[in-house]
Number of protein chains: 2
Amino acid sequence: MIEKKSENLIFNGQQFFYSHHSDTLNCDMEFSVYLPPQSKNKKYPVLYWLSGLTCTAENFTTKSGFQRYAADHGVIVVAPDTSPRGAQVKDIKDEWDIGCGAGFYVNATTNEWDQHFKMYDYITKELPTLIKDNFNCSDKASISGHSMGGHGALICSLKNPGMYQSTSAFSPIVNPVNCPWGQKAFSTYLGEDIELWSAWDSVELIKQGHQVNHLFVDQGLADNFLDNQLKTDALKQACESKKINLELKYRQGYDHSYYYISSFIGEHIKWHAQFLN
Amino acid sequence: MIEKKSENLIFNGQQFFYSHHSDTLNCDMEFSVYLPPQSKNKKYPVLYWLSGLTCTAENFTTKSGFQRYAADHGVIVVAPDTSPRGAQVKDIKDEWDIGCGAGFYVNATTNEWDQHFKMYDYITKELPTLIKDNFNCSDKASISGHSMGGHGALICSLKNPGMYQSTSAFSPIVNPVNCPWGQKAFSTYLGEDIELWSAWDSVELIKQGHQVNHLFVDQGLADNFLDNQLKTDALKQACESKKINLELKYRQGYDHSYYYISSFIGEHIKWHAQFLN
């Protein structure tokens, strides 16, 4: 059961926000879904967008301008929230990179976190079923995201061969086991046994032999997080060593913001559309 | 003296936020300015955007997606705040349609409001001087806006023949003397003498003989405020009776939101560019 929260016409398509009770996350969740024009008459494919730290479903939906391109290319776009939310969901006050707004798209296993923080199962199991049950969409799907969500897109795709036609990411955290954001999140959600972390790290998954079809990574060179947190080069090296065909575009002068995303989201949607349609 | 608050690259142009002390408004103000690519080498014209009730400089800048079109057409876009702000500025708690966030682009004359609420002088005198002094722009300017700001664009243009090459508005409040938002604002800022209000009302100004060159008004037909507050038809009738060539486009299914604005801002910028370049 999904409940419509809002509906607005944009580029002749419908932008919705819905809420629903998630059995996976044990809380109510919101997501946005954009239906391109004519979607009543035709089954369109779905692009899932995973947002980054501190975001909700709203940032991408209101700031990226993706709707113009989704309308042009006939793609349904679904943007879920970044974590479980609500009074009953564990959070840590004043910490923006753990808890609410920071689900990291993993399945938490540690005490106090494992009751709600199962974002991986939510994104790869519950949400796609919900979308198929409630919207007129084709069987094809792709996935993209930004920062923490860019990494989310990578691991969802690497761990589920064939589930997504294509995978792209803006400014992904590619190797969380080797950066401060990732280490903080993984020690919290997965515990201190570092061996267990590699199942949730894109570079480690690639080293283990996981493959991904059609991979496009976008990275701004004026991104303050590039050297310390994102470490794009580690993904490039892992893909090279495992013969994964990574399309990697560095963008001179662009940072980590939605100003950057809005400049290139059209290119990503066009790129995904060639595999989806 | 303007102080840069932020700078982001978007569509190969620079999106800035600046703050400065406004002598007109007796407070510090923020505005955003977008410089299209190559603006160091060429003097581009300026489009002023006036936002609606409750907005700051941020809404249009982050939600409309205008930068893509401003980059394409070579237009500098300046988006000021909607009112004076700050601890010393009079406001009325819990009222979103008066005081901070609701300047109505008039010069207040009533006690307690006349020390700060001079948005008309700010928009038509102080801000253009500030822009000319600090940015490499041509002498040509146009103006646009949304809702309260759409009406602001209309009156700034009607009261200053020749100052703007072209004028457009999304969902403007066209006849504030005849709607609840306008009556509340005008009685507060201008006092109870209704005769004085007509100098700040676009329909009344047109009836008095004021003219405007190149006028484009955009209105969604699913706009909840259309019948009670906006009253677009009054502008249409006034323009017809005074032989003003109004280009009026009604948009089936579109509402009052930035989803609507983002769908058509490209059309407006293209339209302004033909008069600016």
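A simple spin-label model places the labels of A:W96 and A:N178 2.7 nm from each other, with each point 7 Å out along Cα-to-Cβ. Under 11 Å from the Cβ of B:K184, count the other residues' Cβ atoms, weight Lys and Arg +1, Asp and Glu -1, and hand me the total. So the surrounding residues net to -2. Backbone geometry of the stretch A:18-35 corresponds, through the Karplus equation with coefficients 6.51, -1.76 and 1.60 at θ = phi - 60°, to 3J(HN,Hα) couplings of 10, 10, 7, 8, 9, 6, 5, 9, 6, 6, 7, 10, 10, 9, 10, 9, 10, 9 Hz, x marking Gly and Pro.
Counting only residues at least eight positions apart within a chain, or on another chain, the aspartates and glutamates with an alpha carbon under 12 Å from that of B:K249 are B:D218, B:D233, B:E267.
Estimate the FRET efficiency between A:E195 and B:E3 by the formula 1/(1 + (r/R0)^6), using the beta-carbon distance for r and 56 Å for R0, to the nearest 0.05.
Working: r = 51 Å, r/R0 = 0.91.
Once the sixth-power term is evaluated, E becomes 0.65.
Between this copy and the others, label points of B:E240 are 7.0 nm apart in ascending order, each placed 7 angstrom from Cα in the Cβ direction.
Within 10 Å of the Cβ of each residue in B:62-68, the mean number of Cβ atoms contributed by other protein chains is 4. For the options A:A238, A:A79, A:A141, a Gaussian network treatment of chain A with springs between C-alpha atoms closer than 10 Å singles out A:A238 as fluctuating the most. Relative to the other identical copies, B:G162 shows label-point distances of 7.4 nm, where the label point lies 7 Å from Cα along the Cβ direction and values run shortest first. Here the protein assembly as shown is treated with +1 on each Lys and Arg Cβ and -1 on each Asp and Glu Cβ, and its dipole about the Cα centre works out to around 1880 debye.
Between the amide H of B:L50 and those of B:S144, B:G145, B:H146, distances stay under 5 Å, these residues lying 5 or more places away or on another chain, with hydrogens modeled in the peptide plane. Between the listed residues B:S171, A:M1, B:T56, the Cα displaced farthest toward the positive end of the dipole of the protein assembly as shown, a dipole computed from Cβ unit charges relative to the Cα centre, is found at B:S171. PRE reach from B:T129 (point 7 Å along Cα→Cβ): which of the stretch B:162-185 fall under 19 Å by backbone N? Answer for the stretch B:162-185: B:163-164.
Backbone amide hydrogens, once placed in the peptide plane, bring B:N107 within less than 5 Å of B:Y120, excluding anything fewer than 5 places away on its chain.
If we count every other residue with Cβ under 12 angstrom of A:G103's Cβ, Lys/Arg +1 and Asp/Glu -1, where does the sum land?
Working: positive: A:R85, A:K90, A:K118; negative: A:D81, A:D91, A:D97, A:D121.
Residues close to A:G103 contribute a combined charge of -1.
Peptide B:257-263 has a mean of 6 when you count, residue by residue, the C-beta atoms of other protein chains within 10 Å of its C-beta. By the rule of a C-alpha distance below 17 Å, with chain neighbours fewer than 8 residues away ignored, the lysines paired with A:K63 are B:K63. When the protein assembly as shown is described by a simple charge dipole with +1 on each Lys and Arg Cβ and -1 on each Asp and Glu Cβ, the residue from B:S142, A:N245, A:L127 located farthest towards its positive end is A:N245.
Calculate, for B:Q237 and A:D23, the FRET efficiency according to 1/(1 + (r/R0)^6) with r their C-beta to C-beta distance and R0 60 Å; round to the nearest 0.05. Kindly include the intermediate steps, with their values, before the conclusion.
Values: r = 57 Å, r/R0 = 0.95.
Plugging the Cβ-Cβ distance into 1/(1 + (r/R0)^6) gives 0.55.
Spatially, the stretch B:183-209 and the stretch A:232-246 are offset by 66 Å when compared through their Cα centroids.
Here the relative contact order of the stretch A:2-276, from alpha carbon pairs under 8 Å that lie six or more residues apart, stands at 17 percent.
Order A:I2, B:I194, most accessible first, counting only protein heavy atoms with a 1.4 angstrom probe.
Details: A:I2 30, B:I194 105 Å².
The residues order as B:I194, A:I2, largest area first.
In order along the stretch B:61-78, phi translates into HN-Hα couplings of 5, 9, 10, 7, x, 5, 4, 4, 7, 5, 5, 4, 9, x, 10, 7, 10, 10 Hz, rounded to whole numbers, per the Karplus curve 6.51 cos²θ - 1.76 cosθ + 1.60 with θ = phi - 60° and x for Gly and Pro. Any idea how far the Cα center of the stretch A:3-61 sits from the one of the stretch B:59-75, in Å? Each part's Cα centre sits 24 Å from the other's.
Using a Gaussian network model of chain A in which every pair of alpha carbons under 10 angstrom is joined by a spring, one finds that among A:G99, A:G162, A:G209 the greatest mean-square fluctuation is at A:G209.
Amide H contacts for A:S22 (H built 1.01 Å from N in the peptide plane; partners 5 or more residues away or on another chain; cut-off under 5 Å): A:C27, A:D28, A:M29.
With Cβ to Cβ distances under 14 Å as the rule, what net charge do the other residues near B:T24 carry (K, R +1; D, E -1)? Don't jump to the answer; show the numbers that get you there.
Working: positive: B:R85, B:K118, B:K125; negative: B:D23, B:D28, B:D81, B:D114, B:D121, B:E126.
Combined, the nearby Lys, Arg, Asp and Glu give -3.
Copy-to-copy label distances for A:N136, where each label lies 7 Å from Cα along Cα-to-Cβ, are 5.2 nm in order of increasing length. Candidates B:L221, A:W197, B:G182 compared by Cα position along the dipole of the protein assembly as shown: farthest toward the positive end lies B:L221, with charges placed on Cβ. B:H151 contributes about 0 Å² of solvent-accessible surface, heavy atoms of the protein only, 1.4 Å probe.
The values are calculated or read from the model by the stated rules, or taken from the named source; none is laboratory data. Given the structure is predicted, the values throughout are model-derived calculations rather than measurements. Because the Cβ atoms are built from the backbone with ideal geometry, glycine has one as well, and the counts that use them run over all protein chains shown. Heads up: the accessible areas ignore ligands, DNA and RNA and are worked out on the full protein's heavy atoms, side chains in. Shrake-Rupley method; radii C 1.70, N 1.55, O 1.52, S 1.80 Å.
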